[in-house]
Structures are given as C-alpha cells and as structure tokens.
Amino acid sequence: MTRHLLKANCKTVHLGGFSPNIEPALRVDSGDRIDIETYSGYYVADKAPPEFLTPEFLDICQNLPPNRKVGPGPHLLTGPIYVNNAEPGDVLEIHIEDVYPSLPVGFNAIRAGWGALPEYFPEPKLRFISLDLEQKTAEFPTGSGIRIPLHPFFGIIGVANAEINRSSIPPARYGGNMDNQELQPGTRLFLPVFMRGGLLSIGDGHSAQGDGEVDGTAIETSMNGTIQIILRKDLFLIFPFAETPTHIVIMGFGRTLDEAFEMAVKQTVYWLQKFAGFQEEDAYVLCSLAVNFRITQAVNNPQKGVHGMIPKCILLDVNIIDHRVGGKMITRDRPKN
C-alpha cells in the first residue's frame, strides 16, 4: 500500500463536470492512501480577498487548459483518480480519514434563481466568511458575534460514467454533488463503478452546512484531506451509501424532494434486505420505526437529495463489515445492541 500526494494544479483539476475522457491525475492500487488538495471559488475569484487567492489557485483560474473544462458546473474538482483493476460493476469503498480547510476564509453565495426560496431572495449576494482554524469556528458575517462550529467535508465525491461532459451540479447514482454533511472524517463511502478505473474526483469543500443547504451554498472552502480507496469486487450497488461511526447513511436523489424521499426509502429497504438480512416488509416497517430521513440538499437542480439514517446500534449483523486489503483480512467492530 502506497501513500500519494495529489496537489491541485492545472494538470490535476478539472472544471464544471465529469467525463470519462479526462486524463487521470493519479493512478493508485486498492488500499492506497491519497493526501488530496482541492480549491473552491473559481467563479468568485475576481471578487475574493487576498487571503483566498493563493498563487496556485490563481494559476488554475488563469491557465486551466480548455480540455480540463468539461461541464457547465461551477466546481473545481481534483482528479480523476484511476484505481487499477476497477471495472464496471465493482464498488469503490472510500475511507474519509481527514478533511480540513487549507485557508482561513470561505464564502457563501446566493445565486439568482437558485436556492430553496428563489422568488423571495432574487438578488445575488456574495459573503466571504472568516474561519478560525485553531478554534474550528466560523464568524457569521453580520457582526452578531455568532460562531458556527466547523464540520468540514467534501461536497463532491463522485465517479465518471459514460456521459461526456456531465455537469458537476446534480448528484445521482455515481455520487457527485451529494452535499451530505454526514461524510465527515471517520466515514467510509461506497460508490458503484461505471467506467474502467472508477475515475474518482473530489472537491467542493464545505466548512459548515446545514441539512438542506437552503440558500444554495454552504461555507465554500478550499479543502485538503486524506482518503483511502479500497476496491470491492464482492459488492454490487445501485445507489451510494455511507457508514459513519454511528449510522448507515442511505442516499436518495430525485427531481423533487418527494421523489428523492421515495428513492431514499426504497434504497433503505433494499439495503436492509441485502446487507442486514431483513424481509422486504419488515425492512419497510423498520424504516417507519427507527430510521430518520433528512433533507440532504434542496438546491442542486435538477436533483434534490434525501438521506436515511439507520442507527447501527439496532443492527445485529451486517455483511459488509469485513473486507480484504492487500490479501490481509481487516475486521471492523460489529455494531452491538
């Protein structure tokens, strides 16, 4: 197992979307760790304060090659990462080991026509927000003295599929712009593979976000982190899910929140059948009694997100817990009642 450093520069980032035609920024083996650097704010760079504008970020904004501008979205993504021997139908198990802001400033933007209440807040508004990286708080930019705890995560973790120049904005089966604040350090995310190599890209760092992300953005932040990628050929997934220290998190996406909620319930029922041994009707009942469904985000047109939170303490046995890395069996503690 090797540890890699993947810096963000004009050869390793791409803008606006996903594509199977982008040259990989890095090739890794199953079990490798990657220290990864990401930048946010490509579309607000001309309005940003000096501390936001590192020389490397400015070089990306000014000199990114046309062949790495691949979609209509606003996100700078680092990658893609090619996982050796990954084939369509496999699963990438992504251990999120560390996530932290690289700069003491982020931003929040209300964009005209976006957000949960576009008719009530039609005027664009950009706010830069100071981050106290030692105290791990953000200063709410109104002079009120409100301090917001930082809970950093990557808003986008996704793989390529056959679609050329797919926008980075909507999430779907491939992950992408999930904007799920549960994807904190200590979590492992499972994504289905659609293309040879997986072609994983990461970005859209968020220092803090409420469920819903209602005005359209979080505290958008240039973010660094460490991940480990495990190639799973023993799993088959329809939709992404994650495992935190306390919960299984099931994703659902749809064009409306009703559709996203319905998909999240269906996928939770499916997960309980496949991985926890429940009969279909019993799984549906358990969803009603013990699973919390939350709005992930309501703003990433045309796909909203809802996620189901299954408490691990109620699960007696889950058959995804054990896996092999480099031929050695790695065993995680099983949840107990």
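Considering each of ILE60, ILE96 in turn, give the residue that is within 19 Å of the chain's Cα centre (by Cα), modelled with pLDDT of 95 or more and surrounded by 18 or more Cβ atoms within 10 Å (Cβ to Cβ). Step through it out loud before you land on a result.
On the way: ILE60 fails: within 19 Å of the chain's Cα centre (by Cα).
When all the criteria are applied, what remains is ILE96.
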Practice task
Could you figure out which of (1) part of a loop (DSSP other than H, G, I, E, B); (2) open to solvent by 40 Å² or more (accessible area, probe 1.4 Å) isn't true of ILE148?
Solution key: (1)
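Among the residues of the range 209-221, which ones are outside any strand (DSSP E or B) and touching a Ser or Thr at 6+ places or on another chain (Cβ under 9 Å)? Spell out how you get there, then give the answer.
Quick first cut of the range 209-221, residues outside any strand (DSSP E or B) only: 209-211, 213-219, 221.
Within the range 209-221, GLN209, ASP211, GLU213, ALA218, ILE219, THR221 qualify.
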Fill in the blank from the handout: Residues of the range 124-145 being in a strand (DSSP E or B) and among the polar types (S, T, N, Q), in sequence order, are SER130, THR137
Handout entry: ARG196 vs. criteria among the basic types (Lys, Arg) and not in a loop (DSSP other than H, G, I, E, B)
Key = no
Exercise for the section: Please go through the range 187-212 and pick out each residue that is open to solvent by 10 Å² or more (accessible area, probe 1.4 Å), within 14 Å of the chain's Cα centre (by Cα) and touching a residue at least 60 places away in the same chain (Cβ under 8 Å). Expected result: ALA208, ASP211
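What about MET309, is it in contact with a strand residue (DSSP E or B) (Cβ under 9 Å, 6 or more places away or on another chain), among the hydrophobic types (A, V, I, L, M, F, W, C) and at pLDDT below 95? If you could, list the steps in order and put the result at the bottom.
Values: in contact with a strand residue (DSSP E or B) (Cβ under 9 Å, 6 or more places away or on another chain): yes; among the hydrophobic types (A, V, I, L, M, F, W, C): yes; at pLDDT below 95: no.
Considered against the rule, which asks whether it is in contact with a strand residue (DSSP E or B) (Cβ under 9 Å, 6 or more places away or on another chain), among the hydrophobic types (A, V, I, L, M, F, W, C) and at pLDDT below 95, MET309 comes out as no.
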Practice task
State whether one or more residues within the range 168-191 are modelled with pLDDT of 95 or more and under 15 Å from VAL83 (Cα atoms).
Solution key: yes
Problem - Lone unmet requirement of (1) outside any loop (DSSP other than H, G, I, E, B); (2) open to solvent by less than 30 Å² (accessible area, probe 1.4 Å) for ASN67 - result: (2)
Handout entry: the range 231-259 - residue that is surrounded by fewer than 21 Cβ atoms within 10 Å (Cβ to Cβ) and touching a Gly at 6+ places or on another chain (Cβ under 8 Å) and, of those, farthest from ALA208 (Cα to Cα)
Key = PHE236
Problem - Pairs where the first residue, in the range 2-17, is in a strand (DSSP E or B) and the second is of a type in the set (D, E, K, R) and open to solvent by less than 10 Å² (accessible area, probe 1.4 Å), C-beta under 6 Å, 6+ apart - result: GLY17/ARG166
Completion exercise
Just one listed residue, out of ALA25, ALA86, is surrounded by 15 or more Cβ atoms within 10 Å (Cβ to Cβ) and either within 27 Å of ILE238 (Cβ to Cβ) or in contact with a Phe, Trp or Tyr (Cβ under 7 Å, 6 or more places away or on another chain) (or both), and it is ALA86
Fill in the blank from the handout: Checked pairs for the range 138-151, first within 22 Å of GLN184 (Cβ to Cβ), second surrounded by fewer than 16 Cβ atoms within 10 Å (Cβ to Cβ) and basic (Lys, Arg), C-beta under 9 Å and 6 or more apart or across chains, list as ALA138/ARG147; GLU139/ARG147; PHE140/ARG147
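Looking for whichever is modelled with pLDDT of 95 or more, under 24 Å from VAL299 (Cβ atoms) and not hydroxyl-bearing (Ser, Thr, Tyr) here; the options are PRO101, PRO20. Which one fits?
Working: PRO20 fails: under 24 Å from VAL299 (Cβ atoms).
Exactly one residue qualifies, and that residue is PRO101.
Taking the range 260-273 as the search range and keeping residues that are in contact (Cβ under 8 Å) with a residue 40 or more places away in the chain and open to solvent by less than 30 Å² (accessible area, probe 1.4 Å), which one is nearest to ARG111 (Cα to Cα)?
ALA260
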Practice task
Output the residues belonging to the range 49-75 that are in contact with a strand residue (DSSP E or B) (Cβ under 7 Å, 6 or more places away or on another chain) and touching a residue at least 60 places away in the same chain (Cβ under 8 Å).
Solution key: PRO49, PHE52, VAL70, GLY71, PRO72, GLY73, HIS75
Handout entry: Odd one out for ALA112 among (1) part of a loop (DSSP other than H, G, I, E, B); (2) at pLDDT below 95; (3) farther than 21 Å from ILE169 by Cβ
Key = (3)
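Regarding the range 165-176, can at least one residue be identified that is open to solvent by 70 Å² or more (accessible area, probe 1.4 Å) and either free of Cβ contacts under 8 Å to residues at least 60 places away in the same chain or β-branched (Val, Ile, Thr) (or both)?
So the first thing to find is which residues in the range 165-176 are open to solvent by 70 Å² or more (accessible area, probe 1.4 Å), and the list is 165, 173.
Applying the additional criterion that residues be either free of Cβ contacts under 8 Å to residues at least 60 places away in the same chain or β-branched (Val, Ile, Thr) (or both) yields none.
The answer is no, given that none of the residues of the range 165-176 is open to solvent by 70 Å² or more (accessible area, probe 1.4 Å) and either free of Cβ contacts under 8 Å to residues at least 60 places away in the same chain or β-branched (Val, Ile, Thr) (or both).
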Exercise for the section: Inspect the range 274-283 for any residue being open to solvent by 30 Å² or more (accessible area, probe 1.4 Å), part of a helix (DSSP H, G or I) and modelled with pLDDT under 95 and give the result as yes or no. Expected result: yes
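The values are calculated or read from the model by the stated rules, or taken from the named source; none is laboratory data. Bear in mind that the values here come from a model prediction, so they are computed numbers and not experimental data. Neighbour counts are summed over all protein chains in view; Cβ atoms, including those assigned to glycine, are modelled from backbone coordinates with ideal geometry. Areas reflect the complete protein model, heavy atoms only, side chains present, ligands, DNA and RNA absent. Shrake-Rupley method; radii C 1.70, N 1.55, O 1.52, S 1.80 Å.
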